[in-house]
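What follows is a set of notes on a single structure, which appears directly below.
Throughout, read-outs are computed from the coordinates displayed, never taken from laboratory work. On a predicted model such as this, the values are computed, not experimentally measured, just so you know. Please note: Cβ atoms are built from the backbone with ideal geometry, for glycine as well, and neighbour counts cover all protein chains shown.
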Amino acid sequence: MEVRNLTVKIEEKVVLRDINLSVRDGKVHAVMGPNGSGKSSLAYTIIGRPGYEVIEGDILLNGKSILEMSIDERSRAGILLAFQEPPAVKGLRVAVLATAALNKRLGASDLTKPADPSIPNKIYSLLERVGLPSDYAYREVNVGFSGGEKKRHELFHVLLLDPKVIILDEPDSGLDVDGVRMVADIIKELRDKGKAILLITHYARLMRFVKPDEVTILYDGKVAARGGPELAERVEAEGYSFLNGDRH
């Protein structure tokens, strides 16, 4: 996936200016920056969230523009966003949502009954893979979940749907150190499978367990710095204060 000269506004406010970056297969591209720097705006623009208007530039998937595609079309093309703050959905159970998503991918007309008999066992095993008991399949989506449990549930959907491009928005927030290690292990597993991963975070602690191939720092909606894992290490050591005299 490639982002070219992207400028985006919400209503009349420009939130991203002339952003260029790419995410290659089998690579992790970390996007860092302080709160309000435009990280989540970039994720929402890529997935096609309403209200994020592209006024310049393009977003390409395998060389083709996705700007005219709806959210569900982008999802079916293989782009998945794991939310920073996943919503709770009362009345909808985890297994029902997961079954419907898999059935849709399989082209089934009935989204309620498993189109493949292996689906229930797949749901149970993947819940356990992300550290959630299998009986969470019968819980309402994110209702009563802790912050860490919501993050684990998002990773469950990443593994379940097997997308090509994965955008992880603050996947380590709300997790203890064991949870962060679990997230890192899954990211490395996905990278080894050839997935393109855009990892969005403002802390460098996750980088202790998984080394990104490239790091881009956003500041005030612009690319302020770009480099390798050493850039994340500098952020951990100095914070973002160095950007004031080192922005480029």
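Sequence-ordered 3J(HN,Hα) estimates for the range 170-175 from the Karplus curve with 6.51, -1.76 and 1.60 and θ = phi - 60° stand at 6, x, 9, 5, x, 9 Hz, glycine and proline given as x. The alpha carbon centroids of the range 66-112 and the range 200-243 are separated by 31 Å.
Close amide-amide hydrogen proximity is noted between Lys195 and Gly26, each under 5 Å apart and 5 or more residues distant or on a separate chain (H modeled in the peptide plane; Pro and chain starts excluded). For the chain, the longest principal axis of the C-alpha atoms and the axis of helix 94-105 are separated by about 80°.
Distances between every pair of Cα atoms in the range 193-248, grouped in 5 Å steps from 0 to the bin holding the largest one, split as 4, 18, 32, 25, 14, 5, 2, 1 percent. Each residue of the range 59-74 was assigned a 3J(HN,Hα) from its phi angle through the Karplus curve 6.51 cos²θ - 1.76 cosθ + 1.60 (θ = phi - 60°); the sequence is 10, 10, 10, 6, x, 10, 5, 10, 4, 8, 8, 6, 4, 5, 5, 5 Hz, with glycine and proline shown as x.
Ellipticity at 222 nm from helices only: DSSP H runs of n ≥ 4 in the chain, each -39500 (n - 2.57), divided by the residue count, give -10000 deg cm²/dmol.
GNM on the chain, C-alpha springs below 10 Å: top fluctuator among Ile197, Ile119, Ile79? Highest fluctuation among the options: Ile119. A simple charge model with +1 on the Cβ of Lys and Arg, -1 on the Cβ of Asp and Glu and nothing else charged puts the dipole of the range 1-118 at about 380 debye relative to its Cα centre. Rounded to two decimals, the Cα-based Rg/Rh of the range 117-248, with Kirkwood Rh, is 1.03. Going by neighbour counts of Cβ atoms within 10 Å, the residues Ser109, Ser125 line up, fewest first, as Ser109, Ser125. Considering only alpha-carbon pairs that sit under 8 angstrom and 6 or more positions apart, the relative contact order computed for the chain is 27 percent.
Which of Glu85, Glu11, Glu230 moves most in a GNM of the chain, Cα contacts under 10 Å? Top of the fluctuation ranking is Glu11.
What percent does the relative contact order of the range 1-77 come to when contacts are Cα pairs within less than 8 Å and at least six residues apart? Present the calculation step by step, with values, prior to reporting the outcome.
Values: 116 pairs, mean separation 28.7, N = 77.
Once normalised by length, the contact order is 37 percent.
Within the range 1-151, the ratio Rg/Rh, alpha carbon atoms throughout and Rh by Kirkwood, equals 1.01.
Cross-link partners for Lys39 among the lysines, with Cα-Cα distance under 21 Å and sequence neighbours closer than 8 places in the same chain left out: Lys9, Lys13, Lys27, Lys150, Lys151, Lys164, Lys195, Lys211, Lys222. Counting only DSSP beta bridges with both residues in the chain, the antiparallel share comes to about 55 percent. With respect to the chain, whose longest principal axis is taken over its alpha-carbon atoms, helix 229-238 is tilted by about 70°.
Starting from the Cα of Arg76, step 7 Å toward the Cβ, then list every residue of the range 103-133 with an amide N under 15 Å from that point. Within reach of a label on Arg76, which here means backbone N under 15 Å from a point 7 Å along Cα→Cβ, the range 103-133 contributes 103-111.
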